[in-house]
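Novice: My questions will all concern the structure given below.
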Amino acid sequence: MASELWWVFVVAGIGLIISEIFIPGFVVMWFGVAAIITAIPVYLGASTNTIMLVYSISLILLGVFGRKMAISFLNTGEDESTKTNAATFVGSIGIVTEDIGVAGTTGRVYVNNESWSAVSANGKEIKKDEQVRVLKIDGVKVIVEKKEK
């Protein structure tokens, strides 16, 4: 009779895999895959100890190795060379719209059709309407230097 319950493991496994859609992090899915794997010894009529051992081993292996492989597979292409939209501003030339003060006092610059809070990289004052080059982005501020003519 126990060998007829293999479908319960398959349905439970599919349900857990589907629930991963709503619970991010690649955790619940491995319980579902382990349940589907465990359906095989249940179908073959294995003992309860064997079924528990198969489930435990498959869950541990999937949890350790499967999660790492899935995350590395999904993160392909994301490295230092992948630029975000904001990172494309680095190196761009902009115009100061509000004076940038000394010692980290913020001003504003207009770069690539957007207005940004700005700080001088070397701490020197940069006056309104002067051209600046964006060196880096720090949160919601750009770090700029006065463009040499």
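Novice: Taking the Cα of Lys128, stepping 7 Å toward and past its beta carbon, and measuring to each backbone N in the stretch 94-111: which are under 12 Å?
Specialist: What the label zone holds, given the 12 Å backbone N cut-off, is 96-100, 108.
Novice: Exposed loop sites here are GluC sites (Glu not before Pro) in DSSP loop states with at most 12 other C-beta atoms within 10 Å. What is the longest stretch of the chain lacking them?
Specialist: On the way: sites that count: Glu78, Glu80, Glu148.
Longest stretch, sites excluded: 1-77.
Novice: Around Asp99, with a cut-off of 13 angstrom between Cβ atoms, what is the net charge of the other residues, counting Lys and Arg +1 and Asp and Glu -1? Write out the running numbers ahead of the final one.
Specialist: Values: positive: Arg108, Lys124, Lys127, Lys128, Lys146; negative: Glu98, Glu125, Asp129, Glu130.
Local net charge: +1.
Novice: Take the Cα coordinates of the chain, assign each an equal point scatterer, and use the Debye formula without solvent to give log10 I(q)/I(0) at q = 0.09, 0.13 Å⁻¹.
Specialist: Computed log10 I(q)/I(0) values: -0.54, -0.67.
Novice: Set the Förster radius R0 to 30 Å, insert the Cβ-Cβ distance between Ile95 and Asn75 as r into 1/(1 + (r/R0)^6), and round the FRET efficiency to 0.05.
Specialist: 0.20
Novice: Related question: Once the Cβ-Cβ distance between Ser19 and Ser56 is put in as r, and R0 is 22 Å, what FRET efficiency do you end up with, to the nearest 0.05?
Specialist: Values: r = 21 Å, r/R0 = 0.94.
Efficiency at R0 = 22 Å is approximately 0.60.
Novice: Let me confirm the definition first: pairs of Lys residues in the stretch 22-149, 8 or more apart or on different chains, C-alpha distance under 18 Å. How many are there?
Specialist: Eligible lysine pairs with Cα atoms under 18 Å apart amount to 17.
No value in this document is a laboratory result; all are computed from the given coordinates. This is a predicted model, so every value here is computed, not measured. A quick note on method: Cβ atoms are made from the backbone with ideal geometry, for glycine too, and the neighbour counts reach across all protein chains shown.
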